[in-house]
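The values are calculated or read from the model by the stated rules, or taken from the named source; none is laboratory data. Please read all numbers here as calculations on a predicted model, not as lab measurements. No Cβ is skipped: glycine too gets one built from the backbone with ideal geometry, and neighbour counts run over all protein chains shown. To get the accessible areas, we keep the full protein, side chains included, count just its heavy atoms, and leave off ligands, DNA and RNA. Shrake-Rupley method; radii C 1.70, N 1.55, O 1.52, S 1.80 Å.
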Amino acid sequence: TFFNEDLGYFKAIWIINYSLMFFSVLTFVNIYKIKSRLLGIINLCLNVFFLLTFLTQGLFVLSELRESYLNQELSLYFHVTYFNILIRYLSFAFVGLMLFSIYKYTRSEFLLPVRLNLTTAFDILFFSSILWIASSELVTWMNIMRFSQSYKLGLSILWGVYALFLIALGIGKRKKHLRIGAIALFAATLVKLFFYDIADLDTIAK
């Protein structure tokens, strides 16, 4: 007897997607109709929680669905389709809606007393989420194209380019926290490069 584990993964990701959509809609209802500061604070905390849930548990589930499609180990018993890959882009749409709803709270007048703190926090959350998702997407397509060592040089290049982009953006927008975060990311990329990516190479290759 074989159990189709994909069904459990689909259930999990749809619960996360529904939560992202529900609390995003609640955000817009509160901003344009209710205008409750207490509800806004609670809603904002839940928005951040479910966004982080997607970035951790959700992306893990999507990676399991990807591996199920690529391996096709149970294809003789179950119909494993390309929807295992396509569902990630549907999920990304809900994540985009959630990020936009969080952004709207940082600009809401009834949350004005804490808006300055929220603006910086949103920048950190937004650009961290973009990097997290982009890294997952790079690994996905490198695996689809059967490139080996997808967690090594490919991610280092992505992180390095992203760090340079954040430095330029931080200078252009005069945002110190972006520049500091970019420098930290670039430093982490260099550490990863020398102690993980090329650790197995001989001296000349290094």
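Details
- First in the stretch 96-107 and assigned to a helix (DSSP H, G or I), second anywhere and charged (D, E, K, R), Cβ under 8 Å, 6 or more apart: THR106/ARG115
- Options VAL95, VAL139; residue that is at pLDDT below 95, surrounded by 14 or more Cβ atoms within 10 Å (Cβ to Cβ) and within 23 Å of GLY58 (Cα to Cα): VAL139
- Test: TRP132 is surrounded by fewer than 19 Cβ atoms within 10 Å (Cβ to Cβ) and under 23 Å from VAL48 (Cα atoms): yes
- The residue that is most open to solvent (accessible area, probe 1.4 Å), among those in the stretch 61-83 that are at pLDDT 85 or above and touching a Leu at 6+ places or on another chain (Cβ under 9 Å), is PHE83.
- Matching residues in the stretch 152-172 - criterion: being open to solvent by 60 Å² or more (accessible area, probe 1.4 Å) and in contact with an Asp or Glu (Cβ under 9 Å, 6 or more places away or on another chain): LEU153
- Among the candidates PHE147, PHE194, PHE110, residue that is within 23 Å of GLU64 (Cβ to Cβ) and modelled with pLDDT under 90: PHE147
- Selected residue (only one of PHE147, PHE100 is open to solvent by 70 Å² or more (accessible area, probe 1.4 Å) and within 20 Å of the chain's Cα centre (by Cα)): PHE100
- Any hit, the stretch 2-25, residues being open to solvent by 40 Å² or more (accessible area, probe 1.4 Å), within 22 Å of ARG107 (Cα to Cα) and over 19 Å from the mean Cα position of the chain (by Cα): yes
- Taking the criterion of being of a type in the set (Ser, Thr, Tyr) and open to solvent by 40 Å² or more (accessible area, probe 1.4 Å), the only residue of the stretch 47-60 that qualifies is THR56.
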